[in-house]
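S.K.: One structure, as structure tokens, below. Some questions next.
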Amino acid sequence: MRMKNNHPLSVRPTNLLMPLLLMSLRQWNSYGYELMEKTAAFWEEAINPGTVYRMLRQMEKNGDTESTWETSENGPARRMYSITEAGVEHLGLSIASLEQCHRNMDAFLGLYHRPSDRGT
């Protein structure tokens with residue numbers, strides 16, 4: 001969907017990748033590629049692999065996740081990520097913010113769909 005000035009119209013809040021990854025890691029420890037595969041099952045937009053790996057490194061640097069190297073007889077070693085207590089707290093703050101955004105959107109849409117006093 002595009003607006004008159006030909007800029008794409010965003011239909012979701014921005015910066016959802018971090019809470020999405022934290023939510024996924026709260027469910028299961030995983031490595032980057034698997035995170036992308038599993039989240040694709042409930043996330044409609046394509047996820048850029050480079051963006052995911054940069055975000056995972058940033059989340060580890062911030063203390064929201066930690067990682068270990070997992071070795072396998074069948075393939076190369078992989079970095080396995082898990083959520084930390086700080087990550088759980090960060091996720092909770094993100095969820096509270098999204099819930100407030102949801103309430104604001106509901107209020108806005110309620111006003112939009114309410115019949116106008118102007119009769120238009």
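The values are calculated or read from the model by the stated rules, or taken from the named source; none is laboratory data. This one's a predicted model, so the numbers in the text were calculated from it and none came from an experiment. Virtual Cβ from ideal backbone geometry, glycine too; neighbours counted across all protein chains shown.
S.K.: Restricting to region 18-58, what's the tally of residues that are touching a Phe, Trp or Tyr at 6+ places or on another chain (Cβ under 6 Å) and among the acidic types (Asp, Glu)?
M.R.: So the answer is 0.
S.K.: Hand me the list of helices (runs of 4 or more DSSP H) wholly inside region 11-77 holding 2 or more residues that are within 13 Å of the chain's Cα centre (by Cα), over 13 Å from Val88 (Cα atoms) and touching a residue at least 24 places away in the same chain (Cβ under 8 Å).
M.R.: 49-62
S.K.: Within region 53-66, can one find any residue that is farther than 25 Å from Glu85 by Cβ and at pLDDT below 95? Lay out the reasoning, then the answer.
M.R.: Of the residues in region 53-66, the ones farther than 25 Å from Glu85 by Cβ are none.
No, region 53-66 contains no residue that is farther than 25 Å from Glu85 by Cβ and at pLDDT below 95.
S.K.: Is there a residue being assigned to a strand (DSSP E or B), touching a residue at least 40 places away in the same chain (Cβ under 8 Å), touching a helix residue (DSSP H, G or I) at 6+ places or on another chain (Cβ under 9 Å) and polar (S, T, N, Q) anywhere in region 85-98?
M.R.: So far as region 85-98 goes, no, none of its residues is assigned to a strand (DSSP E or B), touching a residue at least 40 places away in the same chain (Cβ under 8 Å), touching a helix residue (DSSP H, G or I) at 6+ places or on another chain (Cβ under 9 Å) and polar (S, T, N, Q).
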